[in-house]
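See below for the structure under consideration.
Rule-based calculations on the coordinates, nothing more; no lab input. Nothing here was measured: the structure is a model prediction, and the numbers come from that model. Cβ sites come from the backbone with ideal geometry, for glycine too, and all protein chains shown count toward neighbours.
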Amino acid sequence: MRIFRRRPFNVLILTLVTAAMLVPDRVMACPFCNAVSQTLRQEMAAMDAVVIATAIQSDSDRDKESGAVLMKVETVLKGGELVRAGQKVNAVYYGDVTVGRRFMLSGVDPPEMQWSCLPISERAEKYVSNITQLEDDPLERLRFYHLYLQDKESMLARDAYDEFAIAPYDAVKKLGPEMDHDQLVEWLSDPEMATDRKRLYLTMLGVSGDEKDLPLLEKMLRSTQKSTRGGLDALIACYLTLSGEKGLGLVNELFLANKQAPYADTYAAIMAVRFHGTEGDVIPRTALVESLHYVLDRKDLADLVIPDLARWSDWTQIDRLVKLFTDADPENNWVRVPVVNYLRACPLPEAKEALTKLQEIDAESVRRANTFFSIPVPARDTKPDSSSWQPQDSDADTDTQVAAAIGSDINRRLPGGPTAGLAAVPSIAVPPTGLAAANPWRLAYVLSLALITIMIGQFLLLSGGTQPIPERAISNRR
C-alpha cells in the first residue's frame, strides 16, 4: 500500500514520455552510433559558468563532512560576468585532493553558485579550452574532434566519439576526404576494438573509402567470428555504400534471402537497407525493395519490412500481403495491423477491395489499425530519378516513427522470443515526422491521459495519498 503513493508519479512520467515521443526530434545524426553521454560541449552550454580552478586545500584541511574544497579560479571559460579569475570558490568533490590539482568547475544557480567538479590533466585542460573556441559549425567541430577519436586519455576519446555520434550525417560525409583512410582500416582490423567504435569507423570508411576496400569488407561479412562482425548493421551499410546496387547480391545471399540466417543478422541487414533508402544516395529504392521482398517469405519477420514497402510506395506486394494476413496464426498475427496500414496507404483500387475482404476475416485488426495508427506517408526519395516516389506535403523517413505508424512492433516477441537480447542492434537515428504524422484521435487521447494523470497526482499529493489499512480494521473484517 505504501508503494501506491509513488505509483501515480511513475504513471505520470511514463505518460509524459509517451507524449514527448510525438514531438519532432533533432536532425539526422550518425546513423549507427549511440552517444554514451552528454558531450563536454553540451554540458558547458547548459551551465551558467565554466572555469578552470586549482585546489588550494588538500584532504587534510578540507571540509570532510560536506566534501567541500576551497579552490582558486585560474581561467574563466564561460560566465565572465558571474565569476572572475583569482576568485576563491568552494566546490564539492569526494575524491582525493592535493594542493595544486586542476579541475574544470561547472556552476549553476547564481549568485550563490553551485559547482560540480571534473579533475583534468594539462592535456584535457587544453582540450576543454579549445572547445570554447570552436565555430558553431558541425563540420568545423568534427575536424577538431577527429584528432581525438583514439586519444590516449579515455575521457577525450569518449567525448570525441560522442560528438561524432550526435553530429549530422551530412557533416560526416563532408569530412570524408579529410579522413585518414589507412588509420580507419587499421582500427577496423583490431579484433579488440569496441563495437560502438566499429560502427562509427565503418560509417566513416563508407564516406572515405572506395572499391579497393570491398575485399576486406566482404571477408568481414562472411566471417563467423563475432569480434570481426561486430556492428553488423554498419558493416553491411558500409559495404553497400562502396559497392552500390551490385552489392545487394551478397547481402541477399547471406542475410535477407537466407532463411537460416539468425534473426539478429537479418535485422541488421534490414537496418542497413533502411539506411540506404532514407539517407543513402547510391542505391535506388526500386532495388532496395526487391531485397526486402525476400523477408516477406519469413512470416516471423515480414512485419519488419512492410513499413518500408509502404513509405517507399512499393505497391507490387498487395496479393502477397493479403495472403500473409489470411494465413496468419496466433503465433504471428501481429503482421495483420501492418498489412492493413499498407493497404490503407496504397492508392490502388485493388487495395480498397482487399481491405473489404480483410474486414470480413478479422474486423478487430482492421479497427485497431484505423483507430491507433495514422496512414503512412510516402517518404521523399534520395534518388528522385530512380524510384516511384511522388511529391508529398511531408516526409516520413524514420525507422521508429514508421514502425509505430504502420503497426510493426519488434518488441511484441519479447520476452524469450527471437528478438531477445537484440538490444545490441541499435535503430538508425532518423528524425521522426512528429505531430503531423500522428493520428489526431490518438494524440488527443495521450494528452488527455497526461492531463488526468497530473490531476490525480496533485490530488494524491494534497490528500496524503492512499493510506495503508490499519491492522485492527483488517482483524475486524476477518
Ratio for region 120-244, C-alpha Rg to 2.2 N^0.38 Å, reads 1.09
Local electrostatic count at residue 135 - Lys and Arg +1, Asp and Glu -1, tallied over other residues with Cβ under 10 Å: -1
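Which loop trypsin sites (Lys or Arg not before Pro) in region 147-207, with loop taken from DSSP, have no more than 10 other Cβ atoms within 10 angstrom of their Cβ?
Those that pass, being in a loop and sparsely packed, are 152.
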Once you keep just the Cα pairs under 8 angstrom separated by 6 or more residues, what percentage relative contact order results for region 40-131? 31 percent
Which distance in nm do the two modelled labels at residue 226 and residue 174 give, with both placed 7 Å along the Cα-to-Cβ direction? 4.0 nm
Which links in 78/126; 299/323; 126/173 stretch past 19 Å when you go from one Cα to the other? 126/173
Using alpha carbons only, how many angstrom separate the centre of region 55-117 from the centre of region 291-305? 58 Å
Say each of residue 70 and residue 82 gets a label point 7 Å from the Cα, pointing the same way as Cα to Cβ; how far apart are those two points in nm? 2.4 nm
Give me the Debye-computed log₁₀ of I(q)/I(0) at q = 0.13 Å⁻¹ for region 175-307, equal point scatterers on Cα only, no solvent, two decimals. -0.50
With labels modelled as points extended 7 Å from the Cα through the Cβ direction, what inter-label distance (nm, one decimal) is found for residue 370 paired with residue 282? 4.5 nm
Relative contact order of region 313-355, please, whole-number percent, based on alpha carbon pairs below 8 angstrom and at least 6 residues apart. 39 percent
